[in-house]
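Here's the structure, in structure tokens; my notes come after.
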Amino acid sequence: MEKQFLIDEIQLSESWRLFKIIGEFVEGVETLYGLGPAVSIFGSARMTPDTPYYQAAKELAGLLAKSDIAVITGGGGGIMEAANKGAAEAGGKSVGLNITLPMEQKPNPYANISLQFNYFFIRKVMFIKYAYAYIIMPGGFGTMDELFEAVTLIQTHRIKPLPVILFGVSYWTGLVDWIKATLLENGNISPEDMNILTVTDDPKEVLSIVGHTIDLTSPA
């Protein structure tokens, strides 16, 4: 009897979890619907303001904001902070999608549109759904997760073939070379899959790619 009671309690708890999940989806859609052209910028939370990539993220986000393109980040520190700061200081829409973690990620103060998530998968849906391009700055496992999430969805035609831009030639070249030498050479991806990725160090090239994509995909 006690065992059955525990099973029933667990089932009830799981059922209520579904409502929490639906609630996060609803809040995300209601907040970001109508955002307009936007890009998602991913990168390490560990980058400090004195690093070149922090400064590059800030500059790039400022250029995007001045072109009326919203900037979406994970809402935390490092590259996320830099991108939100650059967009906000340029007078643009600066979106922070923060995640609740056991070692709590502190939201940066530069997001003028902010959401808090408990579930990574819902947060990733928002990153993908509302962006016209994905800019991947140097980062760690979380950044890799976001990179390959976008690439996989494009490769499998689950979303439009939007640009995935790896910013930082010296940082990303080794990974791209490994993909070519290992995945491509062994037939685990197709040659055209390599076209999903663009590697650059030039903020103006990124802006040009994003602008061209928005022109092609925006309603007339």
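Brief remarks on what is shown
- Checking each residue in region 129-155 for being among the β-branched types (Val, Ile, Thr) and buried (at least 18 other Cβ atoms within 10 Å of the Cβ) picks out ILE135, ILE136, THR143, VAL151, ILE154.
- Single residue of region 1-35 satisfying the filter (surrounded by 13 or more Cβ atoms within 10 Å (Cβ to Cβ) and either over 30 Å from ASP68 (Cβ atoms) or small (Gly, Ala, Ser) (or both)) that is modelled with the lowest pLDDT: ILE21
- Single unsatisfied condition, ASN98 versus (1) surrounded by fewer than 23 Cβ atoms within 10 Å (Cβ to Cβ); (2) under 17 Å from VAL206 (Cα atoms); (3) not β-branched (Val, Ile, Thr): (2)
- Selection of first residues in region 48-60 that are without any contact (Cβ under 8 Å) to a residue 40 or more places away in the chain and of second residues that are assigned to a helix (DSSP H, G or I) and of a type in the set (Gly, Ala, Ser), restricted to Cβ pairs under 6 Å at least 6 apart or on distinct chains, gives the following pairs, ordered by first then second residue: TYR54/ALA82; LYS58/ALA82; LYS58/GLY86.
- Residues within region 130-152 that are part of a loop (DSSP other than H, G, I, E, B) and among the hydroxyl-bearing types (Ser, Thr, Tyr), tallied: 2
- The lone criterion from (1) surrounded by 16 or more Cβ atoms within 10 Å (Cβ to Cβ); (2) over 17 Å from THR73 (Cβ atoms) left unmet by GLY187 is number (1).
- Check on LEU63, within 16 Å of the chain's Cα centre (by Cα) and over 16 Å from ASN98 (Cβ atoms): no
- When LYS160 is tested against (1) modelled with pLDDT under 95; (2) among the charged types (D, E, K, R); (3) part of a helix (DSSP H, G or I), just one condition goes unmet, and that condition is (3).
- Filtered residues of region 130-172 (kept if acidic (Asp, Glu) and under 17 Å from SER190 (Cβ atoms)): none
The values are calculated or read from the model by the stated rules, or taken from the named source; none is laboratory data. Quick caveat: nothing in here was measured; it's all calculated off a predicted structure. We place every Cβ from the backbone using ideal geometry, glycine too, and count neighbours over all the protein chains shown.
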